[in-house]
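Below is one structure, written out as structure tokens; the observations come after it.
Taken together, the values in this text are just the output of simple stated rules run on the coordinates, not laboratory data. Predicted model, so just to flag it, every value in this text is computed and none were measured. Here Cβ is always computed from backbone atoms with ideal geometry, including for glycine, and neighbour counts include all displayed protein chains.
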Amino acid sequence: MTTAVYWGRFNPPHTGHLAVIRHILGECDELIVAIGSSLQSHTERNPFSGGERTLMLKEMLKEAGLLGKCLIVQVPDADSYKGTAANLRMACPAFDTVYTNRSVIADIFSSWNVPVKSFPDFEREKYSSTAVRNALSNGENPDGLVPKSVITVLERIDGAHRMDIVAEDKY
């Protein structure tokens, strides 16, 4: 059985993330979805807490019928990419491969002799967490950018209001 890791901030998770997860699960048996910057929240770049992102991912994976093949973990930041990558290794059970399109992350894991693979971008110009956050900030429904289950969680936690609050806080 092969296990891979897909590491991102998922702030919030979107349809592109789901496409990547499906792609990776086509190449491995189990996937660890690692939420980076898990202790960051209530900022414009990271408006949602690690717990809220975990809930959104869980509901998205359940809706897609993939939850049974995935484990969601939270990875706190460190003072460097290498330190944060070490946090990821400590937060996860054993894994065989890391999937990333970030060259710095690939370099770190390669230096530890962990196999690294990339994945297709799946319309990255359309599907991005920034686009979802911008839609919420502009009072627009992010329908089409995120699965319905993510919209349900965003409504429940009042994601649009959160974006308003973090935009106002300039201290």
Residue tally, condition more than 21 Å from VAL73 (Cβ to Cβ), surrounded by 17 or more Cβ atoms within 10 Å (Cβ to Cβ) and touching a helix residue (DSSP H, G or I) at 6+ places or on another chain (Cβ under 6 Å), over region 89-132: 1
Selection within region 122-137 - assigned to a loop (DSSP other than H, G, I, E, B) and either aromatic (Phe, Trp, Tyr) or farther than 16 Å from ARG9 by Cβ (or both): PHE122, GLU123, GLU125, LYS126, TYR127
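Given ALA85, ALA131, which one is farther than 19 Å from LEU61 by Cβ, touching a residue at least 60 places away in the same chain (Cβ under 8 Å) and of a type in the set (A, V, I, L, M, F, W, C)? Lay out the reasoning, then the answer.
Details: ALA85 fails: touching a residue at least 60 places away in the same chain (Cβ under 8 Å).
After applying the criteria, what remains is ALA131.
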Filtered residues of region 88-134 (kept if closer than 30 Å to HIS161 by Cα and touching a strand residue (DSSP E or B) at 6+ places or on another chain (Cβ under 9 Å)): TYR127, SER129, VAL132
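To keep it simple, each residue is scored yes or no on (1) polar (S, T, N, Q); (2) closer than 23 Å to ALA167 by Cβ; (3) surrounded by fewer than 17 Cβ atoms within 10 Å (Cβ to Cβ).
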residue: MET1; (1), (2), (3): no, no, yes
residue: ARG9; (1), (2), (3): no, yes, no
residue: LEU31; (1), (2), (3): no, no, no
residue: SER38; (1), (2), (3): yes, yes, no
residue: CYS70; (1), (2), (3): no, no, no
residue: GLN74; (1), (2), (3): yes, no, no
residue: ASP77; (1), (2), (3): no, yes, yes
residue: TYR81; (1), (2), (3): no, no, yes
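Residue check: is GLU44 more than 15 Å from GLY8 (Cα to Cα) and assigned to a loop (DSSP other than H, G, I, E, B)? Write out each step before concluding.
On the way: more than 15 Å from GLY8 (Cα to Cα): yes; assigned to a loop (DSSP other than H, G, I, E, B): yes.
Against the criterion (more than 15 Å from GLY8 (Cα to Cα) and assigned to a loop (DSSP other than H, G, I, E, B)), GLU44 qualifies.
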Residue list for region 146-156, restricted to those being within 15 Å of PRO47 (Cβ to Cβ) and either polar (S, T, N, Q) or surrounded by 18 or more Cβ atoms within 10 Å (Cβ to Cβ) (or both): VAL146, VAL150, VAL153, LEU154
